[in-house]
1. Looking at the structure I just gave you, is Asp8 farther than 21 Å from Glu86 by Cα and assigned by the TED database to the domain that holds Asp80?
2. Among the residues of the stretch 159-182, count how many are part of a strand (DSSP E or B) and not polar (S, T, N, Q).
3. Would you mention how many residues in the stretch 110-158 are of a type in the set (Lys, Arg) and part of a helix (DSSP H, G or I)?
4. Output the qualifying pairs, or none if there are none: Cβ atoms under 7 angstrom, residues six or more apart or on different chains, first residue in the stretch 101-112 and under 14 Å from Met150 (Cα atoms), second residue hydrophobic (A, V, I, L, M, F, W, C) and open to solvent by 60 Å² or more (accessible area, probe 1.4 Å).
5. Only residues that are surrounded by 15 or more Cβ atoms within 10 Å (Cβ to Cβ) and either under 16 Å from Ser42 (Cα atoms) or acidic (Asp, Glu) (or both): list them for the stretch 78-105, please.
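The values are calculated or read from the model by the stated rules, or taken from the named source; none is laboratory data. As the structure is a prediction and not an experimental result, all values here were calculated from the model. Quick reminder, even Gly has a Cβ in these numbers, built from the backbone with ideal geometry, and neighbours come from all protein chains shown. Keep in mind that these areas ignore ligands, DNA and RNA; they rest on the heavy atoms of the full protein, side chains included. Shrake-Rupley method; radii C 1.70, N 1.55, O 1.52, S 1.80 Å.
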Amino acid sequence: MHYEDVMDKRPRAYAPYRTTLDERDLVRAAEELHENEDTRESSLALMREFIAKHPQIVRCRTDPVFLLRFLRYRKFNVNDACATLEGGLAFLMRMRTLYGAEVSSFHPNVQRMVELDAIVPLGQDRQRRTVILVRVGAMDPKETTALLQMRLGALVINTCLEYERTQVHGTVWVVDCSGMTMAHVGMWGLSEVKMMADSINEVVTMFVKEVHMVKVPRITWMLLDLLLPLLSPKIRDRFKFHRTEQELLSAIDQTLLPTTCGGQQSLKQATDNFRNMFEKQTKWFKLEEQFLMDLSIPAPGSSSSSARTAQRNEFPGEESMVGSFRKLTVD
């Protein structure tokens, strides 16, 4: 079966599942996610049937690794997994309508963001969780936007999710706020903050085990005071704050942290590893450019008027959000 066939919502044959997990991973998946051979095969079949019969879905991946990210994230509750897939596709369609070509992972502006080495996977810790570093100061507010930062985050997340071990064990995030200025805060309007929160809560199918915030200046709280209440309590409770790099070293494996954060790994080595990861998964990103969902067609169980409303209000609730950090005077 050619990999491009996985975009057919009703292919003649579906790609078979071939695990890349070892015994330890499979035990974790069984104990934590309720996954075994029986639940896996039957759940994949039900998700594929959902996609095939969904009136709005035109093109969508049906390969096992893609669908398993939803099933594992929802612990093999098929209804919840299907709802998350549906919501994610709708979110992508609305993003394309609002922001056009910059939503593409291959847009020149997005690829320039990759070159900043601002969001970089560092490897897996002793619990096999993928550790991801965010370097806020590496993103020049004169050259980037909130959307581009979110697109870079999505590119890194989706790259990591192509690896099954990340789907099973989840991630740990390290957010280095050193170098953050009022100009960084000023990039984020209230609508972008809400969009990011909605994406984290409803769209991203990645287990976030811990979020370590390091060297957080006071101005950062202008964003955090808005973002944190919008996040689910489970994610919000996983935020940890460290005043110094020394405090961070007690929480994160030093062999993974780059030398710029007091660790032992070369940042260049980590970024080179990430670029190799992305290049290996490029074929999937190119296919995902073809994702298509027709939101003009009523969703199952909805009326045509509600479909029109959903198209008109791309991000419900946004119209009530008045004001923006852009109104602040930025030095």
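1. When the stated conditions are applied, Asp8 does not pass them.
2. Filtering the stretch 159-182 for residues part of a strand (DSSP E or B) gives 171-176.
Cutting the leftovers down to not polar (S, T, N, Q) gives us 172-176.
Of the residues in the stretch 159-182, 5 are part of a strand (DSSP E or B) and not polar (S, T, N, Q).
3. Step one: list which residues in the stretch 110-158 are of a type in the set (Lys, Arg), which gives 112, 126, 128-129, 135, 142, 151.
Within this subset, residues satisfying the condition of being part of a helix (DSSP H, G or I) are 112, 151.
Residues in the stretch 110-158 being of a type in the set (Lys, Arg) and part of a helix (DSSP H, G or I): 2 in total.
4. His107/Ala101
5. Correct list: Val78, Ala81, Cys82, Glu86, Glu102.
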